[in-house]
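K.L.:
I'd like to ask some things about the structure below.
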Amino acid sequence: MKKRLHKKGAVGVQMVLEVIMELVLGGMVLLTGFAYVNAIIDSSFYDKIYFSRDIAVTINAIYSAPGMVDYIYHKPDVDMSKYQFEIKSGLVGVSKNGVAGDLQIFYPFGVNAFIPIEEHTVYGPYKLEIKKDGKGAAVE
Amino acid sequence: MNKKGAIELLIWITRIIMTTVVIFTIVFLLQGYIRYDIDVFETETSIFANRVLFVKALNYVDGQGRLHSGVVDVAKYKGADISKELEKEIFYGGDNRYIAAKISLENLDDVEKKYNEVYYNQRLYNRDVEIYKAGLASGAGGVRGIVKSFYVLIKDGEKTQKGAMRIEILFPNS
């Protein structure tokens, strides 16, 4: 076989191999780009940070208001049902709903010790209801 | 390996290095447009300051149990346990490394009258105040702060006078 390949043929094979290698390298760049952009589009990490902070700030605002407050927390732009919301000892924890071991993002809020908040986890809600009266507060 | 082969190998190594550089450049450029950090400093400090104006630990509560927001009860303000009472009503956990404040009160009707400063989470305030004053606001060890001032009424027994409350809030980045 080797003997049959004359010089011109060998150069041709080499050129084809080079083109294949270049295509592989180009493909690597494209794949990395796509994978990265895909990871961004998923955006669950950003959503979790956003929700934990937004809900914690909302609870703070509700605590700062006197008397009874009943507030419906709903974000029509984001699918809240993808997440679960844990309220515990002055922290809002957000993680993916039904994904065991998913990284939970926490953000603190200031509890009023005289109006304690109920520790509770809400799984994949369409909306949250944040309630406060003279005796206690809850997120449902 | 002959001379031509060595040159070819060198070219390919350069190409692979260049490809890696291009990949990292793409990732780096994309990262420049993505922010995972959501800054709630302004909102949180405003809410905190408003909360101080609504706490029973500091404000006047009448005989019917109604809280008079922005009417500072001097007896409470001068109380020995004011900081502890404040921390009960705005409780960020036993080891609050999140927010601290210094509250000062000025009597506008009687400027000669002086009131002590009241601290919310004094341990953290003392730890971070110098960092804040030095203007080191960015980075993980940085401390941001803001001063909020409000006109209030100062209720001293039966007497009510005009006053100003100044709340200096410190907010460590981590």
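K.L.:
Averaged across the residues of B:162-171, what count of C-beta atoms belonging to other chains lies within 10 Å of each residue's C-beta? Provide the component values of the computation, followed by the final result.
P.N.:
Working: counts 0, 0, 0, 0, 0, 0, 0, 0, 0, 0.
Per residue, the number of nearby Cβ atoms from other chains is 0 on average.
K.L.:
Tell me the carbon and sulfur percent of the accessible area for chain B, rounded to whole percent, probe radius 1.4 Å. Write out the running numbers ahead of the final one.
P.N.:
Details: 5800 of 10200 Å².
In chain B, the share of accessible area belonging to carbon and sulfur is 57 percent.
K.L.:
B:LYS133 to B:LYS78: extension gain in nm, 0.36 nm per residue of separation minus the Cα-Cα distance? List each step's numbers first, then the result.
P.N.:
On the way: separation 55, 0.36 × 55 = 19.80 nm, distance 2.68 nm.
Answer, rounded to one decimal: 17.1 nm.
K.L.:
For Cα pairs less than 8 Å apart in space and 6+ apart in sequence, what is the mean separation divided by the residue count of chain B, i.e. the relative contact order in percent? Walk me through the numbers before you get to the answer.
P.N.:
Details: 248 pairs, mean separation 34.7, N = 174.
Dividing the mean separation by the residue count of chain B yields 20 percent.
K.L.:
Taking a spot 7 Å from the Cα of A:LEU103 along the direction of its beta carbon, which residues of the range A:50-68 have an amide N less than 16 Å from it?
P.N.:
It comes to A:50-53, nothing else.
K.L.:
Work out which residues of the range B:85-112 lose at minimum 50 square angstrom of accessible surface when the other protein chains are put back, relative to the chain isolated, with a 1.4 angstrom probe, and list them by number.
P.N.:
Residues losing area: B:LYS88, B:GLU89, B:PHE91, B:TYR92.
K.L.:
At most 16 other Cβ atoms within 10 Å and a DSSP loop assignment: could you name the trypsin sites (Lys or Arg not before Pro) in the range A:90-140 that fit? Before the final figure, lay out each step's value.
P.N.:
Working: sites: A:LYS96, A:LYS127, A:LYS131, A:LYS132, A:LYS135; in loops: A:LYS127, A:LYS135.
Of the trypsin sites (Lys or Arg not before Pro), the ones in loops of the range A:90-140 whose Cβ has at most 16 other Cβ atoms within 10 Å are A:LYS127, A:LYS135.
K.L.:
Mind putting a number on the dipole of chain A about its Cα centre? Charges go on the C-beta only, +1 for Lys and Arg and -1 for Asp and Glu, and I need it in Debye to the nearest 20.
P.N.:
Values: 15 positive and 15 negative charges, 245 e Å.
Once rounded to the nearest 20, the dipole reads 1180 debye.
K.L.:
Same structure again: Can you compute log10 of I(q)/I(0) for the protein assembly as shown with the Debye formula, treating each Cα as one identical point scatterer, at q = 0.09, 0.14, 0.15 Å⁻¹?
P.N.:
The Cα Debye sum returns log10 ratios of -0.62, -1.11, -1.21.
K.L.:
Over the range A:11-140, give the accessible area per residue in Å² for a 1.4 Å probe, as an integer. Can you show the working numbers first?
P.N.:
On the way: 6930 Å² over 130 residues.
I get 53 Å² per residue for this part.
K.L.:
For chain A, what % of the accessible area comes from carbon and sulfur atoms, probe 1.4 Å? All intermediate terms of the calculation are to be shown ahead of the outcome.
P.N.:
On the way: 5270 of 8280 Å².
Of the solvent-accessible surface of chain A, carbon and sulfur hold 64 percent.
K.L.:
How large is ³J(HN,Hα), in whole Hz, for each residue of the range B:80-95 in order, when computed from phi with the Karplus curve 6.51 cos²θ - 1.76 cosθ + 1.60 and θ = phi - 60°, using x for Gly and Pro?
P.N.:
Coupling constants for the range B:80-95: 5, 9, 4, 5, 5, 5, 4, 5, 6, 7, 10, 9, 9, x, x, 10 Hz.
K.L.:
Could you tell me the number of lysine pairs in chain A with C-alpha atoms less than 22 Å from each other, where the two lysines are 8 or more residues apart or belong to different chains?
P.N.:
Count of close lysine pairs: 19.
K.L.:
Counting only helical runs of four or more DSSP H residues, what would the 222 nm mean residue ellipticity of the protein assembly as shown come to if each run contributes -39,500 (n - 2.57) and the total is spread over all its residues? Don't skip to the end; give the middle numbers.
P.N.:
Numbers: 7 runs with 123 residues, N = 314.
Helix contribution divided over all residues of the protein assembly as shown: -13000 deg cm²/dmol.
K.L.:
For the range B:118-127, what does the Karplus curve 6.51 cos²θ - 1.76 cosθ + 1.60, with θ = phi - 60°, yield as ³J(HN,Hα) per residue in whole Hz, taken in order and with x for Gly and Pro?
P.N.:
Those phi angles translate into 10, 10, 10, 6, 4, 4, 5, 4, 4, 5 Hz.
K.L.:
Give the lysines whose C-alpha is closer than 17 Å to that of B:LYS155, dropping any in the same chain fewer than 8 places away, or say none.
P.N.:
B:LYS56, B:LYS76, B:LYS78, B:LYS113, B:LYS114
K.L.:
Dipole size in debye (nearest 20) for the protein assembly as shown around its Cα centre, Lys and Arg Cβ +1, Asp and Glu Cβ -1?
P.N.:
The calculation lands at about 1720 debye.
K.L.:
Within 10 Å of each Cβ in A:64-76, how many Cβ atoms from other chains are there, averaged over the peptide?
P.N.:
On the way: counts 11, 4, 6, 2, 0, 0, 0, 0, 0, 0, 0, 0, 0.
Mean shielding count: 2.
K.L.:
Tell me which residues come under 5 Å, amide H to amide H, from B:ASN173 once H is placed; ignore anything under 5 positions away on its chain.
P.N.:
So B:ASN173 has HN proximity to B:GLY142, B:VAL143, B:ARG144.
K.L.:
When the Karplus curve 6.51 cos²θ - 1.76 cosθ + 1.60 is applied with θ = phi - 60°, which whole-Hz ³J(HN,Hα) does each residue of the range A:55-71 get, with x for Gly and Pro?
P.N.:
Going residue by residue, I get 5, 4, 5, 5, 4, 4, 5, 5, 5, 6, 8, x, x, 8, 9, 10, 10 Hz, with x marking Gly and Pro.
K.L.:
Right, here's the next one. Averaged over peptide B:18-31, how many Cβ atoms belonging to another chain are found within 10 Å of each residue's Cβ?
P.N.:
Values: counts 1, 7, 4, 0, 6, 8, 1, 1, 6, 4, 0, 0, 5, 2.
Partner Cβ neighbours, averaged per residue: 3.
K.L.:
Kindly identify residues of the range A:88-137 having a loss of at least 30 Å² in accessible area between the isolated chain and the assembly of all protein chains, probe radius 1.4 Å.
P.N.:
Output list: A:TYR107, A:PRO108, A:GLY110, A:VAL111, A:ASN112, A:ALA113, A:PHE114.
K.L.:
If amide H atoms are built 1.01 Å from N in the plane of the peptide, which residues on other chains or at least 5 residues away come under 5 Å of the amide H of B:VAL152?
P.N.:
Hits under the 5 Å cutoff: B:GLY163, B:ALA164, B:MET165.
K.L.:
Something else now. Using the crude model of +1 on Lys and Arg Cβ and -1 on Asp and Glu Cβ, and no other charge, please compute the dipole size for chain B relative to its Cα centre, in debye to 20. List each step's numbers first, then the result.
P.N.:
Values: 24 positive and 22 negative charges, 127 e Å.
The calculated dipole for chain B is roughly 620 debye.
The values are calculated or read from the model by the stated rules, or taken from the named source; none is laboratory data. Computed from a predicted structure; not experimentally measured. Virtual Cβ from ideal backbone geometry, glycine too; neighbours counted across all protein chains shown. Side chains included, ligands, DNA and RNA excluded: accessible areas come from the protein's heavy atoms. Shrake-Rupley method; radii C 1.70, N 1.55, O 1.52, S 1.80 Å.
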